[in-house]
Amino acid sequence: MILRHSRQSLVQRRLGAAHSPPRRKLGGKLARTVALITVFLGLAVVCHSARRVADQTGRSVEIPERAERLISLAPSITETLFALGLGDQLVGDTDYCEYPPEARLKPHVGPVLNPSLERIVVLKPDLVLGSREANRIETADQLERLGIPVYGVTAQTVDEMLSSIEDLGNVLGREAEARRLVRELRERIDRVERRVANRPKPKVLFVVWYRPLTAAGPRSFVADVVRRAGGVSISDDLSGEWPRMSLEEALRRDPDVILFPRAESFAPSPEDLTTLPGWKNFNAVKHHRLYFVSDTIIRPSPRLVDALEEVASFLHPELDFSGREKSR
Amino acid sequence: MGQGGRIHPSHNEQRQGAGPDLCVSRVAFRHPHFELFPVSLEAQAGQLIAIIGPNGSGKSTLLEIVSGHLKPLGGSVRLDGVDLHGLPPHERAKRVGLARQESILLFSFEVREFIRQGRHPHLGRSLFESGDDERWVDWAMQQTNLAAFAGRRILEISSGEFQRAVLARALVQRPRLLLLDEPTANLDIGYQIEMLRLIRRLAASEDFIAVVVTHELNLAAEMADFILLLEAGRCLGQGSPAQVLESGVLSRVFRTPVAVDRNPSSGRPRVTWIAP
Amino acid sequence: MKIAATGRNVVTLVLVLAACLAVVGLVALAFGGAHLSLREVWAGLRGESSAPEASVIVRQIRLPRVLLAMLVGAALAVSGTALQALLRNPLADPYVLGISSGAALGAIVALWVGGRVATASPLVAFGGALATTAWVYFLGRRAGRLASYTLLLAGVVTASFLSAAILFVLTMLSTRDVRGVAFWLMGDLSVVTESHLRVLVPVVVAGIVALYFFAKDLNVLLLGEEEAAHLGVNVAWVETAIYLLASLLTGVAVAVSGAIGYLGLLVPHLGRMVVGSDHRTLLPTAALGGAIVLVISDTLARTIVAPAELPVGAVTAVAGAPVFIYLLRRTAGS
């Protein structure tokens, strides 16, 4: 409604000009014609300064041509925007947006799931960016109702993440930066895949949570990253996003490597784990092949590739992936 | 209206022809485990009828049928010529008042509120009680000696006072037929006599028929104009107390030897237990 | 009886409480995630073009929400009052008959089956509420009519079963959907559209007014079903009507805002403490009192941890529990 309001006043001002009384008879007619043409041109400009596109989730969104003020509703989007050089246009993000460090200094609109609509409105955004995986559809609906366009992004595999970045770049006028970033990321991914191509593939268990034991489903980022890093996820045949597995079944599948996400919240140390019933029976635990991976492994942002390289180095310790510029 | 000494005009209009004001004609009923055989009964306004009998003899069932609430398997109940079972509930409630053991109340009312509920059938379309309604409530509370209790909570008064409140609520309905199931159950002897005297007096002055189910044989003997004796769903006899209260029948029916003589002060039958 | 039930008293009561509600509502408009000064709030409310953001915030975010809180609060409180009389049970509340569980299950199943039915959810939720109402009604009938005792049992059993079903479906949903639904399950007044309000206003107002016509009967019903019948109440028809109206009010409230607890249980009791048990004064008191309580609770929910929000059901529960204990001790002592 904010946008419509300002657009309406723009149009009204031009229409007002068209309806002002002419000063001289002949000059008056000319002035009127000129005014009318200006109105039509003005309208044309107004109409074309926004375009209606389908966002990454298939929703139809009206995007302003110049999106100067952006709000991000998910940490992954914040990261991507900074990586595309749009840090200055970001006028607001969530309480949980911590990377890069400048993101913490931006005005916060609240938590990811339940951001404050009022704070968003007060920041006067041209465009809000939300993630289908992280945000609620109700938030997007409500913002649309208030006249604030919401562009939804989505990605569930590494390839989808890369095309999502490219698409964002196109939508926000950063095509060149996006192409460059994606190319760089692709090169790093290809390098990893080439190096692990002919190596034996260790069996990998990614433990999302240990009580109850929850693994990563086949369509998650984790499965994709593990595959590209030259491993085989033992939970690939299970259905669902985060399938549960019994400890006995996991022991039976005998993973070579066990991965945990490194989270700031409570996470058990390897010593704690070995004291849990059954866990010390894992070969992976006995051979000390228990690793903590950055939690960016489940986040569709450029640092996912860092996680990929990290996982590759865990899975294939004999190979050397270090000495590379990490995007830190 | 007022202090209760006049015949209510509309009651006179309701009389359709001569004959008994209350005519219970061969009503019968069947429960899964109990049967009430056809019973008949007649009464005039101003009379107090007592229904007596051992536990399980069908007294409460008969009362329920006479109230018009329970539909009998056969027979009819006519009050002033009108079939009670054919009336819609609110019309019946204008004519028939029932006072008996109540459901457990979990909500607190004031005593006056409780009694005022009896005016419900007379409110009709209006949402609130009128001045007349309030005057009847005052009258009923006076008659039952509850005027001082008006603001007390219904859950805080004694069971005897509660029973008087239940009677008051039935009186406030201004019924033509007042039915009472064990109205003296929780009362001391003084209150027992006071209550039945009150009912007798009001039956005459307010021109209604009172039917009382009671276990108190002597109270029935003293106060009732007419007694009906039930046993196992059958009417064993009906008539004046002297006619119905006979030691042989009573001893058999109540399974304990009793003697019936005359109360010297009132001349009414008196039932006494014979010790073995 | 604290306030005698006369026509004049009822009108006075309604006017006083409505005035309080208006004041509370206006004050509530001054609170929210964004800090607006009182002058900005006033300008925003009047829609002045000098403060377009304030206008959007006050008129499009806060005002619908405050109105929704009023409607839902009134609906749940009145429904609770009616059900406590119908079931003759002071512990009855709108959820004891399983209606909210039915609505929740409807919304969650729709989410599971259809993927994403955010806008259609209220309809499906209401459908779930209606289905549960009908089911419990038929289960709770005895000898062809409603018996409060069996109705209560049928409702409690159905609610338990539905809760188990809800938990089962929750395990089938993706994490994101579960998080979204969790808000609704705990009571969420943030999703309110104009179409919601357009439906709610007439339904809630009509439902409450219709129940008021049964106020006399509700009084008599408190004495007992038999006693009510002997006092001339057509018990079968009256009980059915009250049951349906209370279910309708609960169903629409829950469909839009999820399950907000304690209101329907406590507001009637608080109302009785102030005006007594006569429903001719109690029903309006419960309606307006429930509206006031929920507006205050929702304002707290919006501001205590701003910019984040607490689910309003959590606020009513945290505030409601001590009130409940206080009421228990009061009645135990008296």
Failed criterion for A:ILE148 (all others in (1) touching a residue at least 12 places away in the same chain (Cβ under 8 Å); (2) over 13 Å from the mean Cα position of the chain (by Cα); (3) not in a loop (DSSP other than H, G, I, E, B) hold): (3)
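Somewhere in segment A:180-192, is a residue more than 14 Å from chain C (Cβ to nearest Cβ) and under 20 Å from A:GLY92 (Cβ atoms)? Steps first, please.
Let us first name the residues in segment A:180-192 that are more than 14 Å from chain C (Cβ to nearest Cβ), namely A:180-192.
After this cut, where a residue has to be under 20 Å from A:GLY92 (Cβ atoms) as well, the list is none.
No, because not a single residue in segment A:180-192 is more than 14 Å from chain C (Cβ to nearest Cβ) and under 20 Å from A:GLY92 (Cβ atoms).
Counting residues that are more than 17 Å from A:ARG289 (Cα to Cα), among the charged types (D, E, K, R) and at pLDDT 80 or above, which helices (runs of 4 or more DSSP H) fully inside segment A:217-278 reach at least 1? Outline the logic, then answer.
Working: elements: A:221-228, A:247-253, A:270-275.
Answer list for segment A:217-278: A:221-228, A:247-253.
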Any hit, segment A:89-107, residues being outside any strand (DSSP E or B), farther than 27 Å from A:LEU308 by Cβ, at the interface with another protein chain (Cβ under 10 Å from one of its Cβ atoms) and open to solvent by less than 30 Å² (accessible area, probe 1.4 Å): no
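Looking only at segment C:92-109, which residues are more than 16 Å from C:PHE183 (Cα to Cα) and either part of a helix (DSSP H, G or I) or open to solvent by less than 10 Å² (accessible area, probe 1.4 Å) (or both)?
Step one: list which residues in segment C:92-109 are more than 16 Å from C:PHE183 (Cα to Cα), which gives C:92-99, C:102.
Listed by number, the residues that qualify are C:ALA92, C:PRO94, C:LEU97, C:GLY98, C:ILE99, C:GLY102.
Checking the structure you have, find out if any residue of segment B:204-217 is assigned to a helix (DSSP H, G or I), touching a helix residue (DSSP H, G or I) at 6+ places or on another chain (Cβ under 9 Å) and more than 27 Å from B:ARG95 (Cβ to Cβ).
Our first condition is that a residue be assigned to a helix (DSSP H, G or I); within segment B:204-217, this holds for B:204-205, B:217.
The next check asks that each one be touching a helix residue (DSSP H, G or I) at 6+ places or on another chain (Cβ under 9 Å); those that pass are B:217.
Retained after the next criterion (residues that are more than 27 Å from B:ARG95 (Cβ to Cβ)): B:217.
Yes, segment B:204-217 contains at least one residue that is assigned to a helix (DSSP H, G or I), touching a helix residue (DSSP H, G or I) at 6+ places or on another chain (Cβ under 9 Å) and more than 27 Å from B:ARG95 (Cβ to Cβ).
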In segment B:119-147, the residues that are within 17 Å of C:THR6 (Cα to Cα), within 7 Å of chain C (Cβ to nearest Cβ) and in contact (Cβ under 8 Å) with a residue 24 or more places away in the chain: B:HIS120
Selection within segment B:98-113 - touching a residue at least 24 places away in the same chain (Cβ under 8 Å) and within 19 Å of the chain's Cα centre (by Cα): B:LEU98, B:ALA99, B:ARG100, B:GLN101, B:GLU102
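Among A:LEU123, A:LEU127, A:LEU105, which is the only one that is modelled with pLDDT of 90 or more and within 21 Å of A:ALA178 (Cβ to Cβ)? Spell out how you get there, then give the answer.
Values: A:LEU123 fails: within 21 Å of A:ALA178 (Cβ to Cβ); A:LEU105 fails: within 21 Å of A:ALA178 (Cβ to Cβ).
It is A:LEU127.
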Members of segment C:170-196 found to be aliphatic (A, V, I, L, M) and either in contact with a Pro (Cβ under 6 Å, 6 or more places away or on another chain) or more than 14 Å from chain A (Cβ to nearest Cβ) (or both), listed by number: C:MET186, C:VAL192
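Would you point out the residue of segment B:252-276, among those that are of a type in the set (A, V, I, L, M) and assigned to a loop (DSSP other than H, G, I, E, B), that is farthest from the chain's Cα centre (by Cα)?
Initially, segment B:252-276 is screened for residues of a type in the set (A, V, I, L, M), giving B:253, B:258-260, B:271, B:274-275.
With the extra rule that they be assigned to a loop (DSSP other than H, G, I, E, B), the set shrinks to B:274-275.
On the way: B:ILE274: 30, B:ALA275: 32 Å.
Going through the qualifying residues, I end up with B:ALA275.
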All positions within segment A:114-141 that are more than 8 Å from chain C (Cβ to nearest Cβ), among the hydroxyl-bearing types (Ser, Thr, Tyr) and not in a helix (DSSP H, G or I): A:SER131
Segment C:216-237, residues that are more than 7 Å from chain B (Cβ to nearest Cβ), hydrophobic (A, V, I, L, M, F, W, C) and closer than 21 Å to C:GLY264 by Cα: C:LEU218, C:LEU221
Spans of helices (runs of 4 or more DSSP H) in segment B:97-177 with at least 3 residues among the small types (Gly, Ala, Ser): B:159-172
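The values are calculated or read from the model by the stated rules, or taken from the named source; none is laboratory data. The model shown is predicted, which means the values in this text are computed figures rather than measured ones. Because the Cβ atoms are built from the backbone with ideal geometry, glycine has one as well, and the counts that use them run over all protein chains shown. Remember, those area values only see protein heavy atoms, side chains included, never the ligands or the DNA or RNA. Shrake-Rupley method; radii C 1.70, N 1.55, O 1.52, S 1.80 Å.
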